[in-house]
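Just below is one structure, and these are the notes that go with it.
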Amino acid sequence: MFSALVLVVTLGSGVAAATAPPAAARAARSARADDLPADRTLAGGVTVNFLSFRSTSGRQQRAELMHVDLTNRRVDLAATVAHGAIGAPRQTVVTQVRRARAIGGINTDFFDLFSRRAKPRGGVISDGEILKSPRRDWDANLYVRHGRAAVGQLTMTGTITRAARKHVRATTAQLFGVNTLSDLARGRIVLVTAALAAPRFGRACTVVTGTRDARGRLVVAATYSALTAVARRSGRGVALVACGRGARATWLHRQVVKGDRLTLATTFPGGTPQTLVSGGRVLIAKGRRFDDAGGEVVDGPRNPETFACVSRNGRQVVLGVVDGFAADSAGVSYAELTAFLLGRGCWSGIVFDGGGSSTLVGRASTHDAIDVYDEPADGDPRAVPAGLVVRYRA
């Protein structure tokens, strides 16, 4: 039986740890140690409970957990990004839940704390649409496919095929990412869609613009050899971008002309997930402690943490936060959180951004006010670039 608890997670806001809250706020929180809120049911298949426990180091901790039963066909998990776009001004999880007409949610990926328009470092797939393709060789992804959740590496494979012209054979190149501007520094071809708020490349790039037709093909409207940015795409408008003078930029420059029709194909092992969010590290895989050598590393021995835990069959998910910087909740280390989850039957677990970013919110219906269940380390929920929300179709 999948236990009532869950996994643990990361620190600060992607780049820096949260600072401890003022003494008055810490004292107010400490008074709640023996005054836990009552458990509550938000909807069929979605419940919230609050607990006090001691970590393996003997420190007092508080956690808020949202249990999501994906066997209930009315319930699903969806990825959100601030203002519906990668790189748009950050928003709190409260705002993202309200915008998605959801009943609950948590913060997810690491980001640059000092950028108002910070992008999540990893991937985001929302309702089957790739808003940002996941990082290659990155284990810390939580995804949902066919109503089952899983944690692990999921790499996109992409191709661009230009149809044959008279006396010119068809040709194909590799599409490395969707809205992953960091790939441009490696000379890779990237697809830019309307889901990217500010397509600025920081260097001169070869760019092909156009619109996707009813069959999903890119009908080329224009080609450019030295652009450093393009206007944000709208609707079905997209752009292919490759920077530098390497083989891929050369292919894009020489092989594609106005009027061409390009077939763009993106695939994932097992099919494109309905939902995907990225996090900082995998703590548990196949019911065992997992050494995520490539995951994020944070400063500070103990912090507030956000996490998700998935059952063996992928049908039960727990989203949660462990509070920190308070007398009744010191915060946890990765090792303490891993032990906490293993003791409760977590089959796979992922840590998200923690510290001041940690947020768990919910409400009983989309008409109700949204409650913040955890104790934000900054006093109020922090604006973040991405989240994972729970939707309920009444």
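Structure above, values below:
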item: Region 151-165 - phi-based ³J(HN,Hα) in whole Hz, Karplus 6.51/-1.76/1.60, Gly and Pro as x; result: 10, x, 6, 8, 9, 7, 10, x, 9, 10, 10, 8, 5, 5, 10
item: Cut-off under 5 Å, modelled amide H: who pairs with Leu131 long-range; result: Val124, Ile125, Ser126
item: Residue-count net charge about Arg315 - beta-carbon cut-off 13 Å; Lys, Arg +1, Asp, Glu -1; result: +2
item: Sum of -39500 (n - 2.57) over DSSP H runs of 4+, divided by residues of the chain (222 nm, nearest 500); result: -2500 deg cm²/dmol
item: Phi to ³J(HN,Hα) by Karplus 6.51 cos²θ - 1.76 cosθ + 1.60 over region 108-114, Hz, x for Gly, Pro; result: 10, 6, 5, 6, 7, 4, 8
item: The chain: relative contact order as a whole-number percent, Cα under 8 Å and 6+ apart; result: 31 percent
item: Cross-link partners of Lys132 among lysines (Cα-Cα below 21 Å; sequence separation of 8 or more within a chain); result: Lys119
item: Under 23 Å from Lys166, Cα to Cα: lysines that are on another chain or at least 8 residues apart; result: Lys258
item: Normalised contact order of region 157-267, rounded percent, pairs of Cα under 8 Å and 6 or more residues apart; result: 33 percent
item: Cα-Cα pairs of region 157-267 separated by more than 19 Å (percent); result: 36 percent
item: Alpha carbon centroid spacing (whole Å) that separates region 172-198 from region 335-394; result: 30 Å
item: Cα centre as origin, Lys/Arg/Asp/Glu Cβ charges: the chain dipole, Debye; result: 2300 debye
item: Overall form of region 268-380 per C-alpha gyration tensor (a/c, 1.5; a/b vs b/c); result: oblate
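Values in this text are rule-based calculations from the coordinates and carry no lab data. Note that the coordinates shown come from a computational prediction; the quantities given were computed from them, not determined experimentally. Glycine also receives a Cβ, built like all others from the backbone with ideal geometry; neighbour counts cover every protein chain displayed.
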